[in-house]
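Novice: First the structure, which I've put down as structure tokens, then a few questions once you've had a look.
Taken together, the values in this text are just the output of simple stated rules run on the coordinates, not laboratory data. Model, not experiment: these values are computed from the prediction. Counting neighbours? That spans all protein chains shown, and the Cβs are built from the backbone with ideal geometry, glycine included.
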Amino acid sequence: MAHFLVIGAGLGGLATAHGLLRLGHSVQVYEAAPVLREVGAGLVLGANAMRALQQLGLHEAVRPHGSAVTSLKLFDQKGRLLQNADTSVFTRALGFDNVGIHRAALQQALLQELPTDTLILGKPFESFQQTATGVEAFFTDGTTTHADFLIGADGIRSRVRRQLLPTTEPRYAGYTCWRAVVEAAQLELPEGESGEVWGDQGRRFGYVPVGNGQVYWFACLNSPAPQNPKFRAFQVAELQHAFHSFPAPVPALLGLTRNEQVLWNDILDLKPLRQLAFGRVLLLGMQATLLRPTWARAPVWP
């Protein structure tokens, strides 16, 4: 049995802790934030991800918090159907639903199934040092801890990765995104249907049911540079103007949204890494790259 340190209590870090415990190892998760707040918006767990949660003994803890996604529809900005992907094919093949879920609900479900002493909050990681017998982790409060192995699951701006690969930096993908989760039961959207609308000038709007009458939506616009001050100032009214010509349910979803519910982020990714394991240190969740579809290179929204 080995002892592992996991840096970062996001979805990857918490799921990894479950996997290590099931293999008989001991694990401690360190998180910089003093509290795990309800941050983030929605996501879709594919049928293969739900199967993986089953293998971790977590399917029953997670599934009630989400909503089955049975179709993925793509429309143009006039509401014409371009594609309808029936996801029940994957459900029949794998035996699990594709599930839309609020990120915070998934994170809490993963956390609640861990032993209570697994997670240590308010512990910003600073650096590590490998030795012949293990890894020493150093934190910004001056404390240290030792383990057999260390796993960096601390996100796109990972301190673990920067120590190992100091030249790797996030890349700006050329567009920016607003997201929210809203109470939308009154819209009576078709059960299990998610949709995405592609418009001109790189505009895109998508929506996914995430359970309990809630819908996650995202809205994207091209921008020539990150941290555009114009987009930083956007509120719901500006989004309604930008997407006023989009078909239902886009206007209704924006109409149900309050300014304080909206999250804004530029879209970033990492150039795929050639190496993830470095002796006793492993990088987690940094191999997949965000795809840049053709609309990301369309004319910039004025």
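Novice: Rounding to the nearest 10 and keeping the result within 0 to 90°, find how far the Cα-based axis of helix 11-22 lies from the longest principal axis of the chain.
Specialist: 50 degrees
Novice: Counting C-alpha atoms alone, how compact is region 151-252: give Rg to one decimal and Dmax as a whole number, in angstrom.
Specialist: Cα-based Rg and Dmax for region 151-252 come out at 17.1, 50 Å.
Novice: Moving on to the next point. Find me the longest stretch of the chain that has none of the exposed trypsin sites (Lys or Arg not before Pro), where exposed means in a DSSP loop (not H, G, I, E or B) with at most 12 other Cβ atoms within 10 Å. Don't jump to the answer; show the numbers that get you there.
Specialist: On the way: sites that count: Arg37, Lys78, Arg80, Arg157, Arg258, Arg274.
Here the longest run is 158-257.
Novice: Cross-link partners among lysines for Lys78, C-alpha distance below 30 Å, same-chain residues fewer than 8 apart left out?
Specialist: Filter leaves Lys230.
Novice: Mind computing the radius of gyration and Dmax over the alpha-carbon atoms of region 71-206? Å is fine for both.
Specialist: Cα-based Rg and Dmax for region 71-206 come out at 21.9, 63 Å.
Novice: Let me ask something additional. Given the Cα atoms of region 12-60, and with Rh set as the inverse mean 1/r over their pairs in the Kirkwood sense, what is Rg to Rh to two decimals? Don't jump to the answer; show the numbers that get you there.
Specialist: Numbers: Rg = 12.9 Å, Rh = 12.7 Å.
We get a ratio of 1.01 for region 12-60.
Novice: Plugging the Kirkwood radius over Cα pairs into Stokes-Einstein for region 1-157, at a temperature of 4 °C and a viscosity of 1.567 mPa s, what D comes out in µm²/s? Walk me through the numbers before you get to the answer.
Specialist: On the way: Rh = 17.5 Å.
Answer, rounded: 74 µm²/s.
Novice: Any idea how far the Cα center of region 97-168 sits from the one of region 173-235, in Å?
Specialist: About 30 Å separates the Cα centre of region 97-168 from the one of region 173-235.
Novice: Given a cut-off of 16 Å, what percent of all Cα-Cα pairs of region 192-253 lie beyond it?
Specialist: It works out to 49 percent of all Cα pairs.
Novice: Here is a follow-up. Where a Cα-Cα gap under 18 Å defines reach, which aspartates and glutamates qualify for Lys271, not counting those fewer than 8 residues away within the same chain?
Specialist: Filter leaves Asp154, Glu169.
Novice: Among Thr87, Leu114, Ala225, whose Cα sits farthest toward the positive end of the charge dipole of the chain (+1 at Cβ of Lys/Arg, -1 at Cβ of Asp/Glu, about the Cα centre)?
Specialist: Projecting each Cα onto the dipole axis, the largest value belongs to Ala225.
Novice: Once phi is turned into ³J(HN,Hα) by the Karplus curve 6.51 cos²θ - 1.76 cosθ + 1.60 with θ = phi - 60°, what whole-Hz value does each residue of region 139-148 show in order, with x for glycine and proline?
Specialist: Along region 139-148, the couplings run 10, 5, 7, x, 8, 9, 8, 10, 8, 6 Hz.
Novice: Moving on to the next point. Under the rule a/c < 1.5 gives rounded, and otherwise a/b versus b/c splits prolate from oblate, where does the chain land using the Cα gyration tensor?
Specialist: Since a/c reaches 1.5 and a/b is larger than b/c, the shape of the chain is classed as prolate.
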